[in-house]
């Protein structure tokens with residue numbers, strides 16, 4: 001049996017925190033290709049990626065909320081603070 | 001397992017408060033204490049009330065607390081531990097938690113899907129992406145490798 005979207009739609013997820021990413025995760029679980037976009041200078045939720053660190057592993061990537069609300073997605077970083085370059089320059 | 005107070009707060013009606021005091025001989029006097037009779041909900045933050053309640057709950061089994069609460073119309077319900085939730089019959093039957101293969105943590109248990117649709121099967125459950133994990137795959141494939149080299 002195929003999933004609802006079966007990879008036929010692509011979702012760009014620029015949300016942060018909990019509610020928005022959770023919606024994206026639902027899309028992913030229904031078979032959409034969800035790409036999570038994070039600012040390379042300001043990660044999702046700031047502390048959202050950095051809470052609940054345990055052991056000697058890196059602090060980043062250990063947040064339970066982040067890992068719960070973003071599974072099933074692909075992730076990229078973009079420099080969202082810089083102005084777009086002029087294509088003709 | 002004995003009762004415990006995780007959060008020292010009581011929000012009950014006057015009648016429920018009287019029932020709670022009546023079920024505990026040591027705090028029965030609180031029901032007639034003029035400081036609490038006017039507005040019983042106000043006692044939730046008083047040290048004396050909390051200490052008395054703590055003594056009451058700590059010394060009793062959860063099952064007893066539940067049944068006595070039901071009998072006296074006091075909203076006392078057991079709060080299961082994390083382990084009890086994870087191993088609960090309903091939790092297992094509904095797949096409330098799933099095991100995923102996390103690249104950093106290994107196999108971990110995470111909350112299952114918040115909304116399930118029975119018209120389609122779910123895809124594989126992958127871990128959340130690492131920071132910029134798919135930059136090369138997506139930017140390289142869609143925008144050209146030059147962008148990948150210049151920024152990452």
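The values are calculated or read from the model by the stated rules, or taken from the named source; none is laboratory data. Predicted, not measured: the structure shown is a model, and the values here were computed from it. Cβ coordinates were reconstructed from backbone atoms using ideal geometry, including for glycine residues, and neighbour counts include every protein chain displayed.
Residues that are surrounded by 19 or more Cβ atoms within 10 Å (Cβ to Cβ) and modelled with pLDDT of 80 or more: does region A:1-14 have at least one?
Yes, because at least one residue in region A:1-14 is surrounded by 19 or more Cβ atoms within 10 Å (Cβ to Cβ) and modelled with pLDDT of 80 or more.
Of all residues being out of contact with any helix residue (DSSP H, G or I) (no Cβ under 7 Å at 6 or more places or on another chain) and within 7 Å of chain A (Cβ to nearest Cβ) in region B:103-118, which is modelled with the highest pLDDT? Just the residue, please.
B:104
Restricting to region B:124-140, count the residues that are more than 7 Å from every other protein chain (Cβ to nearest Cβ) and either part of a loop (DSSP other than H, G, I, E, B) or at pLDDT below 85 (or both).
Residues meeting the conditions: 2.
Kindly provide the set of residues from region A:1-31 that are facing chain B (nearest Cβ under 10 Å) and in contact with a strand residue (DSSP E or B) (Cβ under 7 Å, 6 or more places away or on another chain), ordered by number. Can you show your working first?
Looking only at region A:1-31, we keep the residues that are facing chain B (nearest Cβ under 10 Å), and these are A:1-7, A:21-23, A:25-26, A:28-31.
Within region A:1-31, A:7, A:21, A:28 qualify.
Taking the stated definitions as given, is residue A:80 at pLDDT below 85, within 18 Å of residue B:138 (Cα to Cα) and touching a strand residue (DSSP E or B) at 6+ places or on another chain (Cβ under 6 Å)?
Numbers: at pLDDT below 85: yes; within 18 Å of residue B:138 (Cα to Cα): yes; touching a strand residue (DSSP E or B) at 6+ places or on another chain (Cβ under 6 Å): yes.
Answer is yes for this residue.
Return only the number of the condition from (1) more than 12 Å from chain A (Cβ to nearest Cβ); (2) at pLDDT below 80 that residue B:61 does not satisfy.
Checking residue B:61 against (1) more than 12 Å from chain A (Cβ to nearest Cβ); (2) at pLDDT below 80, the one that fails is (2).
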